[in-house]
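See below for the structure under consideration.
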Amino acid sequence: MKTKRLIIATILGVVFGFVCYGFAASGQNEISIALALSIITSRTLIGVAIGISRFSCRHWSLHGIVIGLVFSLPTGISATLGSVDPEFSHTMMLVSTIVMGMIYGFLIELITTVVFKARQ
């Protein structure tokens, strides 16, 4: 395991966790502390998983997208169990959580691999 890669990917996961929380909190409904922590930790977990992963893909971008997808599934499914929001249906919450997780995974991998040159 490369320590530099793990540290960079984890920090980026935390940063994107707060970005995701910012998007979620910008709506009309108030975000509970438990939900805020869930959002931040789930995105941080994507960063940690990218940092420690030995899963080999054809390209670094595919690696980030797959990790983002896999680690966003539990959060996306749990998002469908919450109360109904007039702005988002349960299906929309599931899809948006997973798609955003894939985007964050891609961005974490991009910055870690290309910008900081911390290859897998």
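Derivation of every value follows stated rules applied to the coordinates shown; laboratory data play no part. Nothing here was measured: the structure is a model prediction, and the numbers come from that model. Reconstructed Cβ throughout: ideal geometry from the backbone, glycine too, with neighbour counts over all protein chains shown.
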**Study point:** Cα centroid separation - the stretch 1-40 against the stretch 51-65, whole Å
**Key:** 20 Å
**Study point:** Pairwise label distance in nanometres, Val19 with Leu62, each label 7 Å out on the Cα-Cβ vector
**Key:** 2.4 nm
Exercise for review: Please state the charge dipole magnitude for the chain, taken about the Cα centre, from unit charges on C-beta atoms (+1 on K and R, -1 on D and E), reported in debye and rounded to the nearest 20.
Suggested key: 860 debye
Review point. Hey, if you put +1 on the Cβ of every Lys and Arg and -1 on every Asp and Glu Cβ in the stretch 27-117, which of Ile31, Ile50, Val99 ends up farthest toward the positive end of that dipole?
Key: Ile50
Practice item. Round to the nearest 10 and give me the degree value, 0 to 90, for the angle of helix 3-25's Cα axis relative to the longest principal axis of the chain. Key: 20 degrees
Check your understanding: What length, rounded to one decimal in nm, is gained on full extension from Thr41 through to Phe55, with 0.36 nm per residue of separation minus their alpha-carbon distance?
Key -> 2.9 nm
Check your understanding: How many nm separate the modelled label positions at Ser96 and Ser78, each set 7 Å beyond the Cα in the direction of the Cβ?
Key -> 1.9 nm
Study note, to complete from the structure: Taking Cα pairs closer than 8 Å and at least 6 residues apart, the relative contact order of the chain in percent is 32 percent
